[in-house]
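Worksheet: one structure, shown below.
The values are calculated or read from the model by the stated rules, or taken from the named source; none is laboratory data. Not measured: the values here are computed from a predicted model. Every residue, glycine among them, receives a Cβ derived from its backbone with ideal geometry; neighbour counts consider all protein chains shown.
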Amino acid sequence: MSRTNLLWLQAGSCSGDTMSLLCADDPSWPELVSQYNLDIIWQPSLSSRPVSALLQDVDAILADEKSLNILCIEGSLALGPNNTGMFDTINNRPKAFMIKELADKADYVVAVGTCSAYGGVPASPPNPTECTGMQSFKGAAKGLLDEHWVSNKGLPVINISGCPVHPNVIIQTITSLLEGYPPELNALNQPKEHYSTMVHQGCTRNEYHEYDIEEDEFGKEGCLFYNLGCQGPYTMATCNSQLWNKQSSKTRAGVPCIGCVSPDFPRNAPLFKTDKVGDIPVSLPLGVSRARYMAYKDLANDAAPVRIIERRVKP
Ligand code: SF4
């Protein structure tokens, strides 16, 4: 019986998702590979084979001489200049178009990280390299693959976004494919299991948020929403429920969530400042009525318990 194989290619990437993968410990990447007898055709930080051997395998897959079960893509796809893809090549072959051909041969395609899922940092304005995501550009069509594209097994590109994506999300997504139970996807083609709860849920600063104890500097104890641009109340990710290194997250360390799993990341605005009209943030926590927000803030402020009231930032 043939072994399940996996090909991991990097396009326009900082390697952050590979670094994240190497931090996985529940199980670790070597444990997963061994448990499922996974055949890794190539992984840029783990393969010792020469690039010529990788290209031989790529050509065999494209010629239908070799199967491809799981294709993982890390990094943004550079289509420039002028849709030639020549800004990012491998052996003088445009990587983006090689990846597009490979996707058509794969059982499953996984976009690992926000750059591959939606374009991410390299696709930010003015985007001189014409970067885009695998099947989405900042949440809209115009990805490398068209919006109706599906893999051999009938799934769109599975977007496990994050900058970087949490190691457990990579491992658990690949495990579900190896087990033959592909993840259920939401409207952004992310596995629902990992992208259905807000970063705000599970944040240790929730009590401060409730009682309007807001910080204006990093590293202190209060909530980071009102002054420091925290995106936790509208970012769907598991950062505060599956902790990083099993012990921390941005908000636990006193740094605002910057919404790195979101299609529009990085948002075209200062990352550590809350945009407001008057005293009211432009974006309110999901489901909160704009008309009632200030009334709620005033009431919460008055109701703050003495034990945390000294934490309030003085104007
Ligand atoms: S710091 Fe951010 S995630 Fe934490 S309670 Fe405040 S708004 Fe929510």
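So which of 177, 228, 188 is hydrophobic (A, V, I, L, M, F, W, C) and within 23 Å of residue 302 (Cα to Cα)? Walk me through it before giving the result.
Working: 177 fails: within 23 Å of residue 302 (Cα to Cα); 188 fails: within 23 Å of residue 302 (Cα to Cα).
Criteria check complete, one pass: 228.
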Checklist entry - Here are 252, 292: which of them is basic (Lys, Arg) and within 21 Å of residue 169 (Cβ to Cβ)? => result 252
Item to check | Per-region count, segment 85-104, residues on the phi > 0 side of the Ramachandran plot and either surrounded by fewer than 21 Cβ atoms within 10 Å (Cβ to Cβ) or not in a loop (DSSP other than H, G, I, E, B) (or both) | outcome: 2
Item to check | segment 41-63 residues that are part of a helix (DSSP H, G or I), paired with ones that are among the hydroxyl-bearing types (Ser, Thr, Tyr) (beta carbon under 8 Å, 6 or more apart) | outcome: 54/47; 61/67
Checklist entry - What are the residues in segment 25-84 that are surrounded by 15 or more Cβ atoms within 10 Å (Cβ to Cβ) and charged (D, E, K, R), if any? => result 57, 66, 74
Next on the checklist: Need the failing condition index for residue 227 against (1) more than 27 Å from residue 113 (Cβ to Cβ); (2) near the ligand (Cβ under 10 Å from one of its atoms), just the number.
Outcome noted: (2)
Checklist entry - Which residue pairs have Cβ atoms closer than 6 Å, lie 6 or more positions apart in sequence or on different chains, and pair a first residue in segment 146-159 that is at negative phi with a second residue that is among the small types (Gly, Ala, Ser) and in a loop (DSSP other than H, G, I, E, B)? => result 147/141
Checklist entry - Cβ-Cβ below 6 Å, separation at least six or inter-chain, first residue in segment 189-208 and near the ligand (Cβ under 7 Å from one of its atoms), second in a loop (DSSP other than H, G, I, E, B) and of a type in the set (Val, Ile, Thr): which pairs? => result 199/235
Checklist outcome for this item: Residue count, segment 230-258, condition under 12 Å from residue 166 (Cα atoms) and within 11 Å of the ligand (Cβ to nearest atom), comes to 4
Next on the checklist: Which numbered condition in (1) within 16 Å of the ligand (Cβ to nearest atom); (2) assigned to a loop (DSSP other than H, G, I, E, B) is the only one that residue 183 fails?
Outcome noted: (1)
Checklist entry - In segment 29-40, how many residues are without any contact (Cβ under 8 Å) to a residue 12 or more places away in the chain and in a loop (DSSP other than H, G, I, E, B)? => result 0
Next on the checklist: Here is a list: 59, 64. Which entry is charged (D, E, K, R) and on the phi > 0 side of the Ramachandran plot?
Outcome noted: 64
Item to check | Pairs, first in a strand (DSSP E or B) in segment 105-129, second basic (Lys, Arg), C-beta under 9 Å, six or more apart | outcome: 106/153; 107/153; 108/153
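How about segment 202-315: which helices (runs of 4 or more DSSP H) wholly inside it have at least 1 residues that are at pLDDT 90 or above? Give the steps one after another, and end with the answer.
On the way: elements: 206-210, 290-303, 306-309.
Those helices (runs of 4 or more DSSP H) span 206-210.
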Checklist entry - residue 217 passes all but one of (1) more than 9 Å from the ligand (Cβ to nearest atom); (2) of a type in the set (D, E, K, R); (3) crowded, with 21+ Cβ neighbours inside 10 Å; which number fails? => result (3)
